[in-house]
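Sharing a structure here in structure tokens format.
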Amino acid sequence: MKPKQIPGVPRQKSGGFHDTESIKQFKTIEINAKFEILKKRFFSINEWKSYCGKASSEFKHFSESGHPVDRVPQRGDFVRIGIPGPGTKEADGYDWVEIINIAHRDTGDYESYLVSCRPSKLPNKSKGHVAHFYSDSATSNFMIIKDGNVLKVGIYGRNEKPNFNATFIDKIRNSMIALGGIFGISKIQWKVLAEGLLDFR
């Protein structure tokens, strides 16, 4: 199985990958209103856990300078992730990613938003290790699409390898979690998020 070629998503070169998607069809008369709701949810990173259930990861949005924020994300912002299970010693139990790209396409019937993230050090820390179980060659790419009367949420992981540039304890932890992710455990979590963002009941 090969990774999908998605415009704006980095090419897969080595390591693990996943393509996690959820799709729902709506009546033409309601598609624009549903997409507006989806956009609000997509850009409300602090609320993502509420769409995933109690056993899921927790997401917190931080500015480029490392301050908690509750706004539309910007390039250079950070997301702190609290995954179920043991956390990093490097970052008080959390994993961190930096938002490296935000893209928008609109051709009338088709509209999409893409947010790409990369494992990072702690905000404002020039020294120290990458605070994530994947190395900084990996990316997580979050996408919402309106295509005619269909809405889609896609989460695309690329070049996923364990982060060995870490303390000894974190190397062990990163290996275990990264291998779990590469073998599909993290895809289950992403599928729950994708489904939750599209659940308008």
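With 22 Å as the limit, write out which pairs from 2/49; 40/60; 34/152; 13/39; 24/49; 54/125 have Cα-Cα distances beyond it, or answer none.
2/49; 13/39; 54/125
Just need the Rg to Rh number for the range 111-158, please, alpha carbons only, Kirkwood Rh.
In the range 111-158, Rg relative to Rh is 1.17.
Here's something else I'd like to know. Got a number for carbon plus sulfur as a percent of the range 1-159's accessible area, 1.4 Å probe?
Using a 1.4 Å probe with all protein chains present, the range 1-159 comes out at 50 percent carbon and sulfur.
Given the range 1-135 reduced to its alpha-carbon atoms as identical point scatterers, what log10 I(q)/I(0) does the Debye formula return at q = 0.15 Å⁻¹?
Values, matching the q order: -0.90.
When all C-alpha to C-alpha distances in the range 1-79 are sorted into bins of 10 Å, what percent of pairs does each bin hold, rounded to whole numbers?
Whole-percent P(r) values from 0 Å outward: 14, 29, 41, 15, 1.
The values are calculated or read from the model by the stated rules, or taken from the named source; none is laboratory data. This structure is a prediction, so every number in the text was calculated from the model and none was measured. Side chains are part of the model used for accessible areas, which takes the heavy atoms of the whole protein and leaves out ligands, DNA and RNA. Shrake-Rupley method; radii C 1.70, N 1.55, O 1.52, S 1.80 Å.
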